[in-house]
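Scroll down for the structure; my scribbles are underneath it.
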Amino acid sequence: MAGMLPNKPVDRRSALVTFGAAGLGLLAMQWSPVHATDFRADTLSKLLPQLNDKSRDHLLRLLKAPAFSGHIPASDIAFLADNERKTVDALMVNLLPLARTYSRPPISNYLVGAIARGVSGNLYLGANIEIPGHCLGFSVHGEQFALSNAYMHSEQGISSIAVTAAPCGHCRQFINEMAPAGDTQVLIAGNAPVRLDALLPFAFGPKDLGFKDGALPVREVSLARLKGNPDELTLAALAAARQSYAPYSKAHSGIAIGTQSGHIHRGAYIENVAFNPSLSPLQTALAALIVAGENYAAISKVALVEMEGAAISQKSVTEAALSAIAPAASLHITTTTLAV
């Protein structure tokens with residue numbers, strides 16, 4: 001099959017030089033974000049001119065499916081790659097403009113798209129998110145969005161990630177938490193695939209704090225059942241908390257967002273050994289909401305479940321972010337403990 005990515009491996013020095021130049025490529029790709037509900041055949045023909053009509057029609061059916069949640073199954077990827085006569089790596093790079101349509105950057109207006117490939121062969125879309133009026137630390141980077149998407153779909157591991165620009169140090173650290181072996185392939189148009197450990201040598205990872213494994217595969221945490229009669233949204237938040245990854249603080253937490261359409265979008269807390277790249281459960285849930293085709297205006301209520309007496313709490317950051325994007329939404333907080 002013909003592909004658009006060179007196969008010759010590169011060393012770290014070459015990787016840094018070529019990826020540094022690749023970061024400028026994003027500035028040349030200008031288009032406004034498109035909400036999922038706006039996808040039409042003519043939209044995809046403009047976004048994805050490298051793909052043929054049959055491939056775009058197939059993608060459109062996936063995108064318009066009511067249950068679409070930002071992941072493209074391996075069987076559909078195999079069909080598209082065969083139909084396009086391209087490698088999966090090349091296809092991932094071709095699909096980056098689609099991923100970028102989920103970008104929500106009101107501060108920088110800088111659109112980033114990312115696509116993670118799981119060991120299952122599934123692809124997971126991602127894009128950057130910024131919260132207006134709040135510190136830049138509230139932002140979700142495109143790579144984090146794609147990887148949290150994979151995480152919430154219980155992907156077992158990550159084999160590669162395609163990005164519209166070279167991953168920043170923050171994102172390299174986050175990728176490393178998902179795949180501490182350093183063998184994740186990083187893909188950018190016009191450049192050879194590069195292993196993460198070429199971009200992040202001498203990485204500080206989970207092993208430095210005495211942990212054998214990273215965030216994937218997801219390992220369910222045994223949290224106690226909630227007292228009383230919790231509603232559906234709170235139970236969804238509990239399920240997300242049980243899916244959370246918090247080896248460093250032990251502060252497991254999860255959020256469920258309820259929308260006016262009746263949908264529920266879950267987000268688990270995903271911690272990072274370097275602390276700052278950690279994703280709050282609200283950030284993870286917002287990524288799920290956006291990639292499912294909904295927007296902030298649809299948020300009607302939010303449930304947060306977190307550990308009683310934990311070293312950290314998600315309450316203040318959740319309240320602050322919601323005040324900016326969904327001030328009318330109600331927030332219900334419930335605490336839990338480890339199951340006995």
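The values are calculated or read from the model by the stated rules, or taken from the named source; none is laboratory data. Not measured: the values here are computed from a predicted model. All Cβ positions, even for glycine, are placed from backbone atoms using ideal geometry, and neighbour counts span all protein chains on display. Side chains are part of the model used for accessible areas, which takes the heavy atoms of the whole protein and leaves out ligands, DNA and RNA. Shrake-Rupley method; radii C 1.70, N 1.55, O 1.52, S 1.80 Å.
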What's the total number of residues in segment 260-271 that are farther than 18 Å from Met307 by Cβ and buried (at least 24 other Cβ atoms within 10 Å of the Cβ)?
1
Filtering segment 168-188 down to residues that are farther than 22 Å from Tyr248 by Cβ and at pLDDT 95 or above, which residue is surrounded by the most Cβ atoms within 10 Å (Cβ to Cβ)?
Val186
Select from segment 192-213 the residues that are more than 20 Å from Leu123 (Cα to Cα) and in contact with a Leu (Cβ under 9 Å, 6 or more places away or on another chain) and write down the one among them that is surrounded by the most Cβ atoms within 10 Å (Cβ to Cβ).
Leu199
For segment 167-189, how many residues meet the condition of being under 20 Å from Leu123 (Cβ atoms) and in a loop (DSSP other than H, G, I, E, B)?
6
Looking for something closer than 19 Å to Ile255 by Cα and not β-branched (Val, Ile, Thr) - is there at least one such residue anywhere in segment 195-214?
no
Here is a list: Gly254, Gly262, Gly228. Which entry is at pLDDT below 95 and small (Gly, Ala, Ser)?
Gly228
Does Ser253 meet the test of being open to solvent by less than 40 Å² (accessible area, probe 1.4 Å) and either touching a Cys at 6+ places or on another chain (Cβ under 9 Å) or closer than 14 Å to His332 by Cβ (or both)?
yes
Scan segment 190-220 for residues that are in a loop (DSSP other than H, G, I, E, B) and of a type in the set (D, E, K, R) and jot them down.
Lys212, Asp213, Arg219, Glu220
